[in-house]
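Notes follow once the structure below has been shown.
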Amino acid sequence: MKKIDICGKEFEIDCNAFTYIAYRQKFKDHGIFEDFKTINDFTTMQVLLTAELKKKNPEISETEIIQAVSNSMLPYLDKYIEAITRIGYICCYTANQNIGEYEDWLKGLTRVNTNDMWIVEVTELAVNCFCGREGI
């Protein structure tokens, strides 16, 4: 078990065989591996778009890159946010089944930024649990 900060609140997270079963029970139309793929595809696309922009225009500023990549990623953002919040919730739920339902847990999050550190921590924990490797 590990403690992490999500939007200024401390949560315990964990991942084990129960996590897989709980994921299917809570999110009947999604499996955890589908959401791993969504996260992987989203982050890979960001990296590739950034590299392409830098290659085409070596003088481009970081602000311009962030703006261009953000605009390009908008069509994929809904699925990404859903995937990261489901995985975050289920890792919290695995550690503490008294945290309430997913929607209630979401109401307690003040914001979700795509570059929040908790996303990396939760995703790495879950991927390591099921895939036995670092990162996605």
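The values are calculated or read from the model by the stated rules, or taken from the named source; none is laboratory data. In this text, all values refer to a predicted model and were calculated from it rather than measured experimentally. Neighbour counts are summed over all protein chains in view; Cβ atoms, including those assigned to glycine, are modelled from backbone coordinates with ideal geometry.
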(request) Please determine, by comparing only the residues of the stretch 116-136 that are over 11 Å from the mean Cα position of the chain (by Cα) and in a loop (DSSP other than H, G, I, E, B), which one is modelled with the highest pLDDT. (result) Gly132
(message) Residue pairs, Cβ under 8 Å, 6 or more apart or interchain, first in the stretch 15-30 and farther than 15 Å from Gln97 by Cβ, second in a loop (DSSP other than H, G, I, E, B). List them.
(response) Arg24/Gly31
(message) For the stretch 1-26, which positions are more than 15 Å from the chain's Cα centre (by Cα) and of a type in the set (Phe, Trp, Tyr)?
(response) Phe11, Phe18, Tyr20
(request) From Thr50, Thr44, Thr38, grab the single residue that is among the β-branched types (Val, Ile, Thr) and touching a residue at least 24 places away in the same chain (Cβ under 8 Å). (result) Thr38
(request) Check off (1) touching a Lys or Arg at 6+ places or on another chain (Cβ under 9 Å); (2) of a type in the set (A, V, I, L, M, F, W, C); (3) under 16 Å from Asn40 (Cβ atoms) for Ala95 and give me the number that stays unchecked. (result) (3)
